[in-house]
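Peer 1: Handing you a structure now.
The values are calculated or read from the model by the stated rules, or taken from the named source; none is laboratory data. Here the structure is a predicted model, which means the values were calculated and not measured. Ideal geometry is used to build each Cβ from the backbone, glycine not excepted, and the neighbour counts take in all protein chains shown. Please note that ligands, DNA and RNA were not included when accessible areas were found on the heavy atoms of the full protein model with its side chains. Shrake-Rupley method; radii C 1.70, N 1.55, O 1.52, S 1.80 Å.
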Amino acid sequence: MLYREAGDFKITYAADQALLPVRQDRALLYLIAAAALALPLVAGDYALGSLAIPVLIMSVAAIGLNLLLGYCGQISLGSGAFMASGAYMAYKFATAMPWLPLPVSILLAGAATAAIGIVFGLPSLRIKGFYLAVATLAAQFFLLWLFTHVPWFVNYSISGVPTPPPATILGVYITGAEAPNWAKYLFCLGFVAFLTWIAYNLVRTRIGRTWMAIRDMDIAAELIGIRPLWTKLSAFAFSAFYCGVAGALWSFCYINSVEPTAFDINRSFQVLFMVIVGGLGSILGSFLGAIFITLFPILLNSAPAWFGFEVPGNIITNIEFMIFGAVIVFVLIVEPNGMARIWMIAREKLRLWPFPH
């Protein structure tokens with residue numbers, strides 16, 4: 001590694017239990033935070049609006065599914081529906097109570113989505129595995145049907161695809177057509193930083209440890225006093241909360257509309273691929289998976305033009321699917337625990353270098 005941990009002593013329990021006990025790791029985190037805050041100064045409008053913002057928002061959704069799938073072992077194919085629930089509920093809160101600050105409306109939408117997640121998590125008490133996946137798939141179809149057939153959710157809009165009302169923070173628009181991309185980016189970055197900090201600490205608490213006990217062996221966990229009812233439903237609630245917040249940010253800060261097609265079954269599979277490729281049971285893996293799944297198709301589409309080749313759009317699309325699928329299979333064969341595990345292996349080797357034995 002570029003640094004050694006020798007000499008970095010911890011003399012208190014609080015220092016030993018810190019989120020990043022190594023001083024150099026904390027310095028690296030501060031550098032990453034400073035770079036993220038300074039990105040609007042050097043990145044163009046396209047990079048912020050079309051690359052950075054979707055990566056940030058999908059990272060939140062991937063963290064949410066990782067809490068459920070990676071830490072608690074409960075599979076779900078309803079992430080897209082939970083994102084749609086967050087988008088529609090945030091729209092209702094923002095229009096019914098316009099005096100509420102937008103961050104509060106988004107958090108309330110996440111809380112409402114958590115309640116919906118508890119309802120669709122009830123089957124996890126009786127079934128597991130592929131049967132639970134099919135049960136959660138019902139949320140995907142039912143919720144989208146509900147939002148498109150009950151006009152109350154869109155304030156009886158004729159088009160059925162309403163536009164979120166514009167909102168400001170400190171006089172700067174963060175939603176709507178007048179909102180600059182740098183303001184939307186910083187707004188999303190604040191949510192991502194806050195929810196990531198919550199997730200990192202959550203998995204180290206008693207709740208997180210009970211999730212992992214249920215994931216590793218649910219019968220043994222029940223024998224030592226862990227209640228499967230509370231544990232599984234709490235995992236579904238937190239997962240749905242994160243997905244709901246991600247859906248609200250997607251509608252308010254990225255596509256600027258509340259439409260069901262943005263949260264179809266493909267969105268659920270996209271979030272699932274982010275978690276699997278990035279790394280199950282890893283917050284860092286959620287970010288790596290979101291970056292890979294979101295940016296790699298854009299890179300494949302742009303690559304022919306960089307080398308001066310003119311390739312028809314339909315051929316590029318087919319090539320994109322083939323290469324994308326091959327890369328995913330390759331990553332999973334080389335390291336089934338995802339990109340986060342590859343990063344950990346590389347880090348351990350660098351720590352021992354140049355004396356691997």
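Peer 1: What pairs can you find where one residue is in segment 23-41 and without any contact (Cβ under 8 Å) to a residue 60 or more places away in the chain, the other is surrounded by 14 or more Cβ atoms within 10 Å (Cβ to Cβ) and of a type outside the set (D, E, K, R), and their Cβ atoms are less than 8 Å apart, with a gap of 6+ or different chains?
Peer 2: Taking only residues 6 or more apart or on different chains, the pairs are Q24/Y3.
Peer 1: Can you name the helices (runs of 4 or more DSSP H) wholly within segment 33-124 that have at least 1 residues being aromatic (F, W, Y) and in contact with a Cys (Cβ under 7 Å, 6 or more places away or on another chain)? I'd like the intermediate steps shown before the answer.
Peer 2: Working: elements: 53-66, 79-96, 102-121.
In segment 33-124, 79-96 are the helices (runs of 4 or more DSSP H) which contain 1 or more residues that are aromatic (F, W, Y) and in contact with a Cys (Cβ under 7 Å, 6 or more places away or on another chain).
Peer 1: Scan segment 214-230 for residues that are within 16 Å of P123 (Cα to Cα) and open to solvent by 100 Å² or more (accessible area, probe 1.4 Å) and report the count.
Peer 2: 2
Peer 1: Return the pairs, sorted by first residue and then second, in which the second residue is open to solvent by less than 40 Å² (accessible area, probe 1.4 Å), the first residue lies in segment 43-54 and is closer than 16 Å to F296 by Cβ, the beta carbons are less than 7 Å apart, and the residues are 6+ apart or on different chains.
Peer 2: A52/A43; A52/Y185; P54/T294
Residues are listed down the side, and each one gets a yes or a no for (1) closer than 23 Å to Y242 by Cβ; (2) touching a residue at least 60 places away in the same chain (Cβ under 8 Å); (3) in a helix (DSSP H, G or I):
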| site | (1), (2), (3) |
| --- | --- |
| I315 | no, no, yes |
| F321 | no, no, yes |
| L332 | no, no, yes |
| R347 | no, yes, yes |
| F355 | no, no, no |
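Peer 1: Can you find a residue in segment 142-162 that is open to solvent by less than 30 Å² (accessible area, probe 1.4 Å), modelled with pLDDT under 85 and of a type in the set (S, T, N, Q)?
Peer 2: no
Peer 1: Then there is this: Out of contact with any helix residue (DSSP H, G or I) (no Cβ under 6 Å at 6 or more places or on another chain) and more than 23 Å from Y46 (Cα to Cα): which single residue out of F269, F309, F273, F296 fits that description?
Peer 2: Details: F309 fails: more than 23 Å from Y46 (Cα to Cα); F273 fails: out of contact with any helix residue (DSSP H, G or I) (no Cβ under 6 Å at 6 or more places or on another chain); F296 fails: more than 23 Å from Y46 (Cα to Cα).
Criteria check complete, one pass: F269.
Peer 1: Quick one: which of A61, A96, A133, A114 is of a type in the set (A, V, I, L, M, F, W, C), out of contact with any Gly (no Cβ under 6 Å at 6 or more places or on another chain) and open to solvent by 40 Å² or more (accessible area, probe 1.4 Å)? Break it down into steps so the answer makes sense when it comes.
Peer 2: On the way: A61 fails: open to solvent by 40 Å² or more (accessible area, probe 1.4 Å); A133 fails: open to solvent by 40 Å² or more (accessible area, probe 1.4 Å); A114 fails: open to solvent by 40 Å² or more (accessible area, probe 1.4 Å).
Checking each option against the conditions leaves just A96.
Peer 1: Let me ask something else about it. Considering only residues that are open to solvent by 90 Å² or more (accessible area, probe 1.4 Å), within 27 Å of L28 (Cβ to Cβ) and of a type in the set (A, V, I, L, M, F, W, C), which ones fall in segment 299-357?
Peer 2: If the condition is that a residue be open to solvent by 90 Å² or more (accessible area, probe 1.4 Å), within 27 Å of L28 (Cβ to Cβ) and of a type in the set (A, V, I, L, M, F, W, C), then W343, M344, L352, W353, F355 are the ones that fit.
Peer 1: Another question, then. Going through T175, T168, T163, T205 one at a time, which residue ends up being on the phi < 0 side of the Ramachandran plot and touching a helix residue (DSSP H, G or I) at 6+ places or on another chain (Cβ under 8 Å)? Before the answer, list the steps.
Peer 2: Values: T168 fails: touching a helix residue (DSSP H, G or I) at 6+ places or on another chain (Cβ under 8 Å); T163 fails: touching a helix residue (DSSP H, G or I) at 6+ places or on another chain (Cβ under 8 Å); T205 fails: touching a helix residue (DSSP H, G or I) at 6+ places or on another chain (Cβ under 8 Å).
Of the residues listed, the single one that is on the phi < 0 side of the Ramachandran plot and touching a helix residue (DSSP H, G or I) at 6+ places or on another chain (Cβ under 8 Å) is T175.
Peer 1: Filtering segment 1-32 down to residues that are part of a helix (DSSP H, G or I) and aromatic (F, W, Y), which residue is surrounded by the most Cβ atoms within 10 Å (Cβ to Cβ)? I'd like the intermediate steps shown before the answer.
Peer 2: From segment 1-32, those part of a helix (DSSP H, G or I) are 13-16, 23-32; that's our starting set.
Okay, now just the ones that are also aromatic (F, W, Y), so 13, 30.
Numbers: Y13: 8, Y30: 10.
Taking the candidates together, the pick is Y30.
Peer 1: Evaluate the following for S59: is it under 19 Å from F187 (Cβ atoms) and at pLDDT 90 or above?
Peer 2: So S59 passes the test.
Peer 1: Scan segment 240-258 for residues that are surrounded by fewer than 24 Cβ atoms within 10 Å (Cβ to Cβ) and either out of contact with any helix residue (DSSP H, G or I) (no Cβ under 8 Å at 6 or more places or on another chain) or among the β-branched types (V, I, T) (or both) and report the count.
Peer 2: Within segment 240-258, the subset surrounded by fewer than 24 Cβ atoms within 10 Å (Cβ to Cβ) is 254-257.
Subsequent filtering for residues that are either out of contact with any helix residue (DSSP H, G or I) (no Cβ under 8 Å at 6 or more places or on another chain) or among the β-branched types (V, I, T) (or both) retains 255-256.
Number of matching residues: 2.
Peer 1: What are the residues in segment 284-310 that are part of a helix (DSSP H, G or I), farther than 22 Å from T136 by Cβ and either of a type outside the set (A, V, I, L, M) or modelled with pLDDT of 90 or more (or both), if any? Explain how you work it out, then say what you get.
Peer 2: Going through segment 284-310, the residues part of a helix (DSSP H, G or I) turn out to be 284-306.
Now narrow it down to the ones that are farther than 22 Å from T136 by Cβ: 284, 287-288, 291-292, 294-306.
Across segment 284-310, the qualifying residues are L284, F287, L288, I291, F292, T294, F296, P297, N301, S302, P304, W306.
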